[in-house]
Amino acid sequence: SLEGNPTTESGVLAYRCIIAFEMNDLKAFKKYYAKYDSIRQNFPEPFNEINYENVMVYHHMVEGHTDQALAWCDSLDSDIEAAELRAKVYEHARLWEKAFYEIERKDSLNRRVENEVLADNLASLSQTIDSLEEKERKAKIIRQQLIIVGVLATFIISLLIGILLYRRRNHRLLKQQYAMVKEAQEQTANVLSIRKAFVKSMWERLKSPVQLLMNYANVFNNPDFRLKLEERPKAYHDIVDSAKQIGSLIEPVIESMAHDNTAISEQQKNVCQDALRSPLSSLIGMAEIIAEDKDHHIPEDEYLKMREVVSNNAYMVAISTQELLYFSITADGQKVEKKDYVGLNETVQSILNSYDWRNRELEFMFSSDVDDDVHIHTYSERLQRLLICLLRNSDQFAAYGKVEVSCHAADDGTYSISVSNEGDKIPDGCDEEQIFMPFIRVTPSSHGLSIRLALARQLALSMDYKLHIDMTYEKGVRIVLSLF
């Protein structure tokens, strides 16, 4: 602790502020600056003003006050240091042209200083040579020494000139490379931003039809549900309209995923299109048949079978569309801030209890060796989507038995969530990475997008979590989410 010595503490805090800013740890910078400014206001006499201008420049950069940051740069005694800080201010403000100008200005000042030093050295060397030439007349030995000194001086001067030329050429190349990298980064960021905005706009337009299909899929999945005869035409017309709307809007989303640095291959795109076209076509065809049956010629038992087909296809289309859009939106790999502080057991139980199981033959249970008062920092919306992906995976592929969701506390103080289901195991020869690849079907009999686990891992990585398959699990499949 540095308390009790304002001079030392303010000096150290100045360095901490500078280091935190250079490491882009703005939270740490604000914390250190608050202490630093408090000492300056409360203890002005013993306050250590070393690096004060630098700290104020960084403070105004963090607060977004570019003009004030530049004003503090002007207060520096060193033109070189002032130019270097201005370059950082302009770069922080994304004013690249001015930033490059300040970098060139700093380099120019450095070269001027180097040239002045070189000129001084040359002048001093010239005086030495004159002195030696004067003494040459007195002795042959001194003349020989002067010759040696002259040769050495020439070599040194040539070496210095060569170094300066090399540095200038290298600096020019570095500037060109820097400009190219910046341009490429900006182009990539613009493409990703445009595609992400496009997909989000598509999702806003698709939310309503997707939710409508999901609602019908859920109620039709209940064998006790009965729809009145007079209500059937409207209900199935609504299903047809929603399915057609999804079919018309989802194709541009698939095409957009094939044209940037997160692009999917042509084969993956075909898998994606086929997985949606087939259930869409079946859904529309079957729903139109029922909707047009105004005189109720379809027998009840046949109608129930057709309703089951509609329910299954509606569910597949709604879930596939939803997962595809989530995958596309989060495909840029950007990290998210874990802004929520939630109870681990309570959150997992809530997600499990609210999940609507399609396979009503399955039993599900929750277990935990974690204390109920344990809380974690997370991004609740993405954690919920991730766990729903794992539950849907079990819902689809578990053939029988139970699905168990467990919370576990590790010896190193970290926690994990696992989702286990009984049923078929992972095929032999199929490695873990292949299972998490998007649009890759593990077995020839697989249907659907084959994107759910890829989306789950993508969501996990965005929160700095790890998602893996427990290859030692013998009863079926167990997927583990490790929380760090």
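The values are calculated or read from the model by the stated rules, or taken from the named source; none is laboratory data. Predicted model, so just to flag it, every value in this text is computed and none were measured. Here Cβ is always computed from backbone atoms with ideal geometry, including for glycine, and neighbour counts include all displayed protein chains. Accessible surface areas use protein heavy atoms only, side chains included; no ligands, DNA or RNA. Shrake-Rupley method; radii C 1.70, N 1.55, O 1.52, S 1.80 Å.
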Contour minus Cα-Cα span, Q41 to Y400, at 0.36 nm per residue, comes to 122.2 nm
In this structure, the FRET efficiency calculated for E302 and S248 from their beta-carbon separation, with R0 = 35 Å, to the nearest 0.05, is 0.70
Env charge @ A123, Cβ radius under 12 Å, K,R +1 / D,E -1, value -3
To the nearest 20 debye, the stretch 6-94 has a Cα-centred charge dipole, built from +1 on Lys and Arg Cβ and -1 on Asp and Glu Cβ, of 500 debye
1/(1 + (r/R0)^6) with r = Cβ-Cβ of I80 and L122, R0 = 35 Å, i.e. FRET efficiency to nearest 0.05, evaluates to 0.95
One quarter of the C-alpha convex hull surface, i.e. the mean projected area of the stretch 199-331 in nm², amounts to 7.9 nm²
For the stretch 308-342 the trypsin sites (Lys or Arg not before Pro) that pass both the DSSP coil test and the at-most-15 other-Cβ-within-10 Å test are K335, K339
Rounded to one decimal in nm, the spacing of the 7 Å Cα→Cβ label points at E432 and K182 is 4.2 nm
For S420, the net charge from surrounding residues (Cβ-Cβ under 10 Å; K, R +1; D, E -1) works out to 0
Per the charge dipole of the chain (beta-carbon charges, Lys/Arg positive, Asp/Glu negative, Cα centre), the residue among L174, T128, G413 reaching farthest to the positive end is T128
Computed ³J(HN,Hα) along the stretch 143-148: with the Karplus parameters 6.51/-1.76/1.60, θ = phi - 60°, integer Hz and x for glycine or proline, the list is 5, 5, 5, 5, 4, 4
Proximal lysine pairs in the stretch 64-198, meaning Cα under 23 Å and 8 or more positions apart or interchain, come to 10
Karplus ³J(HN,Hα) for the stretch 113-129 (6.51 cos²θ - 1.76 cosθ + 1.60, θ = phi - 60°; Hz, whole; x = Gly/Pro) runs 5, 4, 5, 5, 5, 4, 4, 4, 5, 5, 5, 5, 5, 4, 5, 5, 4
Total charge of the residues flanking V149 in space, meaning their Cβ is under 14 Å from its Cβ, with Lys and Arg +1 and Asp and Glu -1, is -2
Under the helix-only model (-39500 (n - 2.57) for each DSSP H run of 4 or more, divided by the residues of the chain), the mean residue ellipticity at 222 nm, to 500 deg cm²/dmol, is -23000 deg cm²/dmol
Burial-style ranking of 43-52, 340-349, average other-beta-carbon count within 10 Å with highest first, yields 340-349, 43-52
Whole-Å distance linking the alpha carbon centroid of the stretch 334-383 with that of the stretch 69-148 is 63 Å
Rh_Kirkwood(the stretch 1-116) over Cα pairs, Å, one decimal, evaluates to 14.9 Å
Between D130 and M23, the two model label points (7 Å from Cα along the beta-carbon direction) sit apart by a distance in nm of 5.5 nm
So for the stretch 306-420, using the alpha carbon gyration tensor with a ≥ b ≥ c as root eigenvalues (a/c under 1.5 gives rounded; past that, a/b versus b/c decides prolate or oblate), I'd call it oblate
Heavy-atom accessible area of E255, protein chains in place, probe 1.4 angstrom, given in Å² to nearest 10, is 70 Å²
Rounded to 0.05, the calculated FRET efficiency for the beta carbons of I147 and Q68 at R₀ = 51 Å is 0.25
Dimensionless Rg/Rh of the stretch 385-484, both radii on Cα and Rh by Kirkwood, sits at 0.94
Measuring from its Cα centre, the chain shows a charge dipole (+1 at each Lys and Arg Cβ, -1 at each Asp and Glu Cβ) which, in debye to the nearest 20, is 1620 debye
Options (i) 65, 29, 26; (ii) 57, 24, 19; (iii) 68, 28, 23 are given for semi-axes √(5λ) of the Cα gyration tensor in Å, and the computed one is (iii)
Relative contact order in percent for the chain (Cα pairs under 8 Å, 6+ apart) equals 9 percent
